[in-house]
1. Could you state the accessible area per residue of the stretch 212-340 in Å², with a 1.4 Å probe and every protein chain left in place?
2. Work through the residues other than Ala232 whose Cβ is under 12 Å from its Cβ and net out their charges, Lys, Arg +1 and Asp, Glu -1.
3. Step through the residues of the stretch 274-288 one at a time and calculate ³J(HN,Hα) from phi using the Karplus curve (6.51 cos²θ - 1.76 cosθ + 1.60, θ = phi - 60°), rounding each to whole Hz and writing x for Gly and Pro.
4. Per-residue accessible area for Lys245 at 1.4 Å probe radius, Å² rounded to 10?
5. Excluding ligands and nucleic acids, what accessible area in Å² is computed for His174 using a 1.4 Å probe, to the nearest 10?
6. Please report the spacing between the Cα centers of the stretch 268-299 and the stretch 135-204 in Å, no decimals.
7. What is the packing order of peptides 56-62, 276-282, taking the mean over residues of other C-beta atoms within 10 Å and listing the highest first?
8. Using a 1.4 Å probe on the protein chains only, how many percent of the accessible area of the stretch 239-321 belongs to carbon and sulfur?
Amino acid sequence: MKLWLILAVCVAFTSATPLLNDDDLRDHVVENLSRQRRSLLKSSSYSLSRLASEYLGNIGKANAGSAGRVAGSSFADACLNEDHYPWPRPRPYPLPRPFPTGFPYPLPKPRFPPIGPHPGPYLSSAVSRIRRGVEKPPNRDFVFVLDTSGSIPNAAFEKAKEGIAILVDSFCPHQLGHDGNGGTKQISLVLFSDIVETAIDFSESEQGAGYLKDKILGLTHRRGGSTATAAALRHVRLNVLGKGKSRLNDNDTSTDVTVITDGRCNRGCSTLAREADDLRKMGHGVNVFALGIGNVRECELEIITGRGSKLAFGLNDFQEFDGFANAVKEIASNNEKKCA
């Protein structure tokens, strides 16, 4: 009798609770596994001006991306690895109500890697203030990482190029490649699908903003391939920031990486969290931003930027990305330097 009663209660609970698809279940699990999780800023909740202001406020900021490591955590496993789902498969099941103490699975202890050596007496007072986040370094190295996988049509790719060209125009173009009374800026652009390539190297910044914008707008969409986000981050770490004209270890230079993607990692994803962690902790710390376009998986953006980093943004489409870039340019133009 008791067994039949238990079964009846279970059936009633199941029928009263709508079944969720895999992605919804994954988001629910990740939400509960991460008590420190901060929802990304979305254009559906905030104006593009607000998003642009948040983005500009963290560009060049020391330790903006100093979030805890993600690799090996339940957060990353639940987001990226289907084998770690804490429910039977393949049929999705409704999630139980959380226990009063939180989600009924062990929570990882947050680990905060050092972003760089602690400022000591051997550093000038100005550099010490920069490293503590009081001031922004005068020099900037910007890396844009653009998703060109098969899910992006030609029209969206054209909008993406236009948006990146507008952002380049916002970052003090007169300082590109040389000191323009306030620091030197460098730009690099990486394209990725299942193939990753550097479309623009830091060394090309010396040829000026006009050259960079023309090259960006002249890029051809490769169309096709998977979304290998982990490979893209590894390429940035090894082939862009790890060699050439990168100023990663220069105390007077900040390094900011912006990942622009409309997809969900579907190739080599098991290493995404580790690659993101390794990229963020390079040198004195790398700020890694994520602009998710369309129906992206929020937890992946937070793995890229680091949990609690405030550097993940959600936009509805590439038309909004173009609007976001224009909002960044407008805010930057109202700066006393007329640029960011």
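1. Value for the stretch 212-340: 37 Å² per residue.
2. Summing Lys/Arg as +1 and Asp/Glu as -1 gives -1.
3. After applying 6.51 cos²θ - 1.76 cosθ + 1.60, I find 5, 5, 5, 4, 5, 5, 5, 8, 5, x, 8, x, 10, 7, 10 Hz.
4. About 80 Å², rounded to the nearest 10.
5. 90 Å²
6. So the two Cα centres are separated by 17 Å.
7. 276-282, 56-62
8. Solvent-exposed carbon and sulfur of the stretch 239-321 make up 38 percent of the total.
The values are calculated or read from the model by the stated rules, or taken from the named source; none is laboratory data. Please read all numbers here as calculations on a predicted model, not as lab measurements. All Cβ positions, glycine included, derive from the backbone under ideal geometry; neighbour counts span all protein chains shown. In case anyone asks, the SASA skips ligands and DNA or RNA and just uses the protein heavy atoms, side chains included. Shrake-Rupley method; radii C 1.70, N 1.55, O 1.52, S 1.80 Å.
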